1. Please work out whether segment B:207-251 counts as rounded, prolate or oblate from its C-alpha gyration tensor, where a ≥ b ≥ c are the square roots of the eigenvalues and a/c under 1.5 means rounded, while otherwise a/b larger than b/c means prolate and anything else oblate?
2. Express in nm, to one decimal, how much length is gained between B:ILE122 and B:ALA299 on full extension, taking 0.36 nm for each residue of separation and deducting their alpha carbon distance.
3. Send over the semi-axes of segment A:184-252's equivalent ellipsoid, whole angstrom and largest first, taken as the square roots of 5 times the C-alpha gyration tensor eigenvalues.
4. Packing-wise, with mean Cβ within 10 Å as the measure, how do B:56-63, B:153-160, A:340-347, A:230-237 rank, highest first?
5. Return, ordered by residue number, the residues of segment B:43-74 whose backbone nitrogen is under 13 Å from a label point located 7 Å along Cα→Cβ of A:LEU318.
6. Percentage of Cα-Cα pair distances in the protein assembly as shown greater than 46 Å, rounded to whole percent?
7. Percent relative contact order of chain A, based on C-alpha pairs within less than 8 angstrom and at least six residues apart?
8. Which log10 I(q)/I(0) values does segment B:4-150 give at q = 0.16, 0.20 Å⁻¹ under the Debye formula, counting every alpha carbon as one identical point scatterer?
Amino acid sequence: MQTVMNRPHLEEIALRYGEVLRITDRRKYRMPLLVLGVVAYFIASWWFFSIGTVLSRANWSIAGSYLAQWVSYEVRPEFRIGADGTMTLNYGRHSPLGDHPTPDWVVTETEKRQKSQPAPGAASPTPALAAPAGGFMAPEKPAAPAASSTTAAAAAEQTVITHAEVTYDSGTRMILDPGRVTVDHRGETLVIALAGGRAEPVGTLPTWAEQKRPGEKIVLSYGLTGWAEVSADRVVARNRFFGWANFFFDTNSPFFGKPYTEVIGLILSGERLDPKQSNLSLAWNNICYNAEWQHLDVWTKLLQTIVMAFAGTLFACLIAFPLAFVAARNITRSVVLNQVTKRFFDFLRSVDMLIWALFFTRAFGPGPLAGMSAIFFTDTGTLGKLYSEALENIDDRQREGVRSVGASPVAVQRYGVLPQVTPVFASQALYFWESNTRSATVIGAVGAGGIGLKLWEAIRTNSNWHNVAYMVVLLLIVVFIFDTISSALRTRLINRSPA
Amino acid sequence: MTDRQPLNSRLSERGADVERHWAELASRRRMYSLLGLFALLGATAGSLWFANETNAGKFFDRLPYFFDFFRDFVPKDGFEIFRALFDLPSPYDNGSFEYNYPEGRHYLTQDVYLPEYFFKMIETLNIALFSTVISAIVAFFLAFFAARNLMPNSWVRNAVRRLFEVLRAFPEVVVAGFFLAILSLGPLPAIAAVSLHTVGALGKLFFEVIENADMKAEEGLRAAGANWIERVWFGIVPQVLPNLASYALLRLEINVRASTIIGAVGGGGIGELLRLSISQNHEAKTLAIVLLLLLTIIAVDQLSAWLRERLVGAQAFRTA
C-alpha cells in the first residue's frame, strides 16, 4: 500500500477522477463573487438606510450616560447662590436619599443671617428654622429642606451656607466658598470665580471642564463618579453611586435608610411600627408598593407574560393536534380536506403575530387575553404545519401491524401512530412554549399585555433605565429557567423515543 | 387486555410475579399521568383566570362585541383596498387622513412612483435581510470558537456560548428602545435589535452544526500539517456551509416577521403604519397593509423553502 503520494501517482488519480479534480469557472469564481455581492449589498444598504448620517447625528455621550443609569444612580445636591455669595442647599424633590438627606460626602458650614429683604406681603413670620446654635459641620437638621428654599423668603432669619465641600471620591472634590469654586480632580485644580452673574475660570480650563460661552455655565465631567455644573447663581453636583437605590424600601417607608440587620431585627422581634399590622406584613407591603420600583406591578406583568405564552401555546397545541391528523395526507385520505386544513394553517401562520396582537387588542382591550389569543392563533398554524409534517413522515409498518389484527380506525391511530409522534409533538410544543415567552414580551409592547408594555413605557421615559435593567434581569432569569426546563424535558422525550 | 385473568391463572409462579410487578408499574405510571394531567389543568385554569382578571376587558363581557372589529373594518367598496394599496385617488376623499392615498407616493422619476406601502414593505424586508446577512457573518465567525471539536479551550468556548445565550434571551424591545433613544427614529434601531438577537440565535444553530461535522477531513489536514485556520477553512467550512446557509434562510423568514413587529413599536417600516391605521380605524388602509403583509410573508416563506430545499435537499426542510 502506497502511503506517500508522488507526482505520477497524483496524475494517475487526476486522470481517473477528472470530474472531481477539475476546477470549473463556476467553482473558481463562486466565493469571490459572493463576497463581492455582499459588499455591494452593504454599500447599497448604507445608502438606503442613510446609516452614515444617522450615526454621525447620534448622541453617543448620552448613550454612555444611559448605560451608566442601568446600574447606578445619581444624587444631586444643588447649591443656589444668593446675591451676597451665601448658598442654600437642596437635594431635589425625589432624591434617593429621602426628604432630609445629610450625606457624609457633603460638608457644610452654616451661619444665621438676617434676611436683607423683608418678606413679600404680610405673611405671618414663620419661626426660624431650627439650626443648631453655632452649628458647624454637617447639621443634624436640614439646612434648607426642599420646600423652604423657595418659600423661606417669609422667614426673618435664615440659615445660609458659607462654605461647602462636596467629595466625590478620593481624587475628586469641590470646595464652594462665596464667590469662588475650587475643584480638585485627577491632581489638577481648577478655580472658578463667580462674580457679577458670570462664571470665569481662573487660568485655562482642563480637559475635563467645558464652557460653551465665556461667563456662562461650566460643565465638569468627572467620569464615572459623576459630574457638576457651575454657573454664577447655582452649582449642581451630580454624584454617581453604583447600584440600585432604595430597591427594597422607598423613602416613605419606615424601614428606609436602616441597615439590613436592623430591618431583620425589627421584622423578627421589633415593636410594631404600625399598630395595625405586624412588621413583617408592613415590610412586605412596603416592598410590594415601592414607588420607585413597583415590584408588585412588575411581578404581575411578568406573570402575565408567562401565562400568555403558556396558555397560548397549550391551546394552540390542543387545536393543532386533531387538525394535524386531518391535514396529514397519509392519515386522512381526502385531498380536499388535506388542502383546506393546510391552507388554513398557512393562513394562521402568515398573518403575522403582530396583526393578530393588534387585532385582539382591539377586541379584548389591552391585556394578556389579547396576547394569549395572538400566540394561540399564530402557533396553531405553526404547530399544525409541523405536526402534520411529522405525521406524514411516520413509519407505516406499525399502523399496518395494528390494522392487520382488525383494530378500529381510532385504535389504529392510538396504537400505530401516537407512540411514534407523541415525543416529537411534545418536544415541539415545549420549544414553542419557550420561544413564545420571548415573543410575548415583544407583542406586549404593542398593547397585548404583559411586561412588554411596562418595559416599553420605562424605556420611552429615557430616565428610568434602572427599572428597565431590573425587568430585563427578571426576564433573562425567567427565560433561562424555562430554557433549562424545556431542553431537559426535550432531551428526555427524544432519547426515550424509538426514532 | 380483558382476558388477563384467565391468562394469569395459567402462568407459573414466577410469571405471575412478573405480571404483578408489571401491573404495579402500570398503575403507578397511570397515577403519574393523571397527576400530571391535573397539574396541567390546574395551571391552565389558573392562567386563564389570572389573564381574564388582569385584562382591561373581560372575556365574556367583550365576546358579544368581538365581531364589531370586522364591522368597523369593512371598506366602502372592494376597490378601496386596491386604491389604498396602489396610492390611487379615492372617490370618498374628504381631505382627512383616511383617504389621502396619493399623498404617500414615493416618486422615482417624474411620473413613475412607488406606492407608500410597497416602499415601507421594502424597507421592512431590507431591515430583515440586512440584519440577517450581517448577523450570519458575525455568527459564522464566532461559532467556530463555540464548537467543542474546534475549540479545546473551555473558557473561550463557554464565554462565546454564554454570549450567544444572552444575546438570544435579551428582549428585542429593549435594544430597539435603547437605540431609539440614541439614534432617534428610523430603521437603525430595528436593525440593531433584530441583528443582536439573530447573532445569538444563529450562533447556537451554527455551532451545533459545526459540532456535528465529520472530522475526517480535518484530521487529514492536521496530519498534513495544516494550521487551525486552514483546517477550519478547508476541512469544516465546505461541509457545513450548505446547512449554515439553510439556517440563515430560515432565520430570514423569522426576521421578516420580527422586523415588522419591531417596526410597530417604533422602528419604522410597515409595522408602524399598520399599528397607526388600526388604531385610527382606517379600514381600507388596514386591509391593504394586511393583504400586502400576508402576500409578502407567503412569498418569502416559499422562496426560502425552495432555496433551502436546493441547498440541503428535502431532509433538512422537515426540521423547520
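1. prolate
2. Contour length minus the Cα-Cα distance gives 62.4 nm.
3. The answer is 29, 15, 9 Å, longest axis first.
4. A:230-237, A:340-347, B:56-63, B:153-160
5. Correct set: B:43-49.
6. 44 percent
7. That works out to 11 percent.
8. Taking Cα atoms of segment B:4-150 as identical point scatterers yields -1.01, -1.16.
No value in this document is a laboratory result; all are computed from the given coordinates. Note that the structure is predicted; figures quoted are calculated from it, not measured. Here Cβ is always computed from backbone atoms with ideal geometry, including for glycine, and neighbour counts include all displayed protein chains.
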